[in-house]
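The values are calculated or read from the model by the stated rules, or taken from the named source; none is laboratory data. This one's a predicted model, so the numbers in the text were calculated from it and none came from an experiment. Positions of Cβ are backbone-derived with ideal geometry, glycine not excepted, and every protein chain shown enters the neighbour counts.
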Amino acid sequence: MYTNLQTILLNMKILRIILVIILIINVSCRKKEFDNPLDDWFQDPPVAPITQTIKTVVPIGYAASVAMLYLKGYDVPVAKIEKRKSATLLYVNTETDYPYTFEGDDYGQMIIAVLSTDVNTALVSVFFTDMDIVAGKFKLKNVVAFPVIFDDLNNKITAVYASMDINLGDNLFPDIDLTSDEIEDNLGKLDNERTNSTLDGVEIAITQDAWIIDVYYNDIDDLLDDEFKIYGGQQAIAVEDFDTESSVGALQMAMIGVEFSSDCLKNPSSGYAFMQDVEVASSSNSSNIVFGHVFYEFHPRCDGDIVVDLATGNFIFAIGKEIDLGLN
């Protein structure tokens, strides 16, 4: 009798173990069913717009420094100086004399056009003979006529860059023999403008982009110790329509006091970025919505990351994460 009871208890114990194993397997399988929808909804916020902005404004700040130091009579690291119309062209060898080459990017030769307007102000254009920014979807051929101000009281050079300055055409040397009215118009670039364009099947309905780049110098004739501070913002609305597929997206971003220098090419050392991202994609089979706000913070550790301080919507589970910028 005692042996039979032991056998029954043993069988019950084995049965309980089997039931637990079945329950674990069942929960695991059901977890896999639920993981994918959650993974699709909750995601890391995008950092490509931040990376793209840094890759664009840093060479503009460098070109502004070279241009103003040249006008002030200092020696600058250029391979050739050439007069063209009312402007001066400065040729920079990016393989030897340009310190801000980011990983995976090709620049070719940097050509800086300088048109002096007074003793401390100039209009500057920067051209790259072969610039392919990996983080973006376009080749930046040239940036035309942005104003630059030399401030010797605060040891800084300021450049004001607006998106209307981006020229995607093949004309490498636009007419830089500007009239006085055109000069005044370019000096007012802080007023944002709108543009319509179509690029590779993507119609950009509205684009606005304005940045102020302050370049602080310690030793005025040493470009390697310059420190950049970036302020400004951008917004864009993109619409795609490929027969049965369609999508619309709106992105707004601002950067405040973002500090960058040649000491670390992986990430800015301080400052903040705010982003709002809204995307809606639909087709005959499915639809997808992305919505969220993100508040980023840069840190002094040179590890290539940006920290997500606050986030909402699809990005809420990214709070506290450090995301790779992909700069270097």
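Find all pairs meeting these conditions: Cβ atoms under 6 angstrom apart; at least six residues apart or on different chains; first residue within segment 137-154 and farther than 11 Å from A64 by Cβ; second residue in a strand (DSSP E or B) and at pLDDT 90 or above.
Note: pairs meeting the criteria are A145/L123.
Could you go through segment 156-163 and let me know if any residue there is over 13 Å from A63 (Cβ atoms), at pLDDT below 55 and surrounded by 14 or more Cβ atoms within 10 Å (Cβ to Cβ).
No: zero hits.
Collect the residues in segment 206-222 that are at pLDDT 80 or above and either assigned to a strand (DSSP E or B) or touching a strand residue (DSSP E or B) at 6+ places or on another chain (Cβ under 6 Å) (or both), keeping them in residue-number order.
Within segment 206-222, A210, W211, I212, I213, D214, V215, Y216 qualify.
Of the residues E103, E82, which single one is modelled with pLDDT of 75 or more and part of a strand (DSSP E or B)?
Exactly one of E103, E82 is modelled with pLDDT of 75 or more and part of a strand (DSSP E or B), namely E82.
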